[in-house]
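Student: Supplied in structure tokens, the structure appears directly below.
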Amino acid sequence: MPGTISAADQLRRSSCSSAIRRQAGDLLLTLAAVECHASLGRPAPAPHALLRDLIIITGRLAGPAWLEANVDSMVAFTAVQGTWQLPPLPELDQILTRVLADRFGLPAPAAAA
């Protein structure tokens, strides 16, 4: 999930509030767990709860007020929040990266990946 890792690392090192930097650190830790699971070469995907944590932390980072104000551009993220069936990791990476890029003015997802 290179795009989300890049975005979270930029936030962790940014001049944003300490709460944002701390949440970005939490996101990086969760991403590391997902990447570790993927590196083991297991046929099963990363645990669903772990992937759900990525969505929850990203939503908290963006903030409910911002997400609500930008609901039209966040359709994919809103759909992922409300479904049990998650997309494949590359697609989830694009969705999460887009949220962080749009919310915090980071480089576009294609440039971050």
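Student: Roughly how many nanometres apart are two label points built 7 Å out from the Cα toward the Cβ at residue 50 and residue 15?
Tutor: 3.7
Student: Using unit Cβ charges (K, R positive; D, E negative) and no other charged atoms, how large, in debye to the nearest 20, is the dipole of the chain about its Cα centre?
Tutor: That gives a dipole near 280 debye.
Student: Ok, one more. Compute the relative contact order of the chain as a whole-number percentage, counting only Cα pairs closer than 8 Å that sit 6 or more residues apart in sequence.
Tutor: Values: 100 pairs, mean separation 40.1, N = 113.
Averaging sequence separation for qualifying contacts and normalising by length gives 36 percent for the chain.
Student: Ok, one more. Round to the nearest 10 and report in Å² the accessible area of residue 72, as given by a 1.4 Å probe over the protein chains' heavy atoms.
Tutor: Accessible area of residue 72: about 140 Å².
Student: When the Karplus curve 6.51 cos²θ - 1.76 cosθ + 1.60 is applied with θ = phi - 60°, which whole-Hz ³J(HN,Hα) does each residue of the stretch 88-97 get, with x for Gly and Pro?
Tutor: Per-residue couplings from phi come out as x, 3, x, 6, 4, 4, 4, 5, 5, 4 Hz.
Student: What's the extension gain from residue 79 to residue 39 if we count 0.36 nm per residue and subtract their Cα-Cα distance? Please list the in-between numbers first.
Tutor: Details: separation 40, 0.36 × 40 = 14.40 nm, distance 2.76 nm.
Additional length available on full extension: 11.6 nm.
The values are calculated or read from the model by the stated rules, or taken from the named source; none is laboratory data. It should be emphasised that the depicted structure is a prediction, and the values quoted were computed from it without experimental measurement. Here the Cβ is made from the backbone with ideal geometry for all residues, glycine too, and neighbour counts use every protein chain on show. We work out accessible area using only protein heavy atoms, side chains counted, and drop any ligands, DNA or RNA first. Shrake-Rupley method; radii C 1.70, N 1.55, O 1.52, S 1.80 Å.
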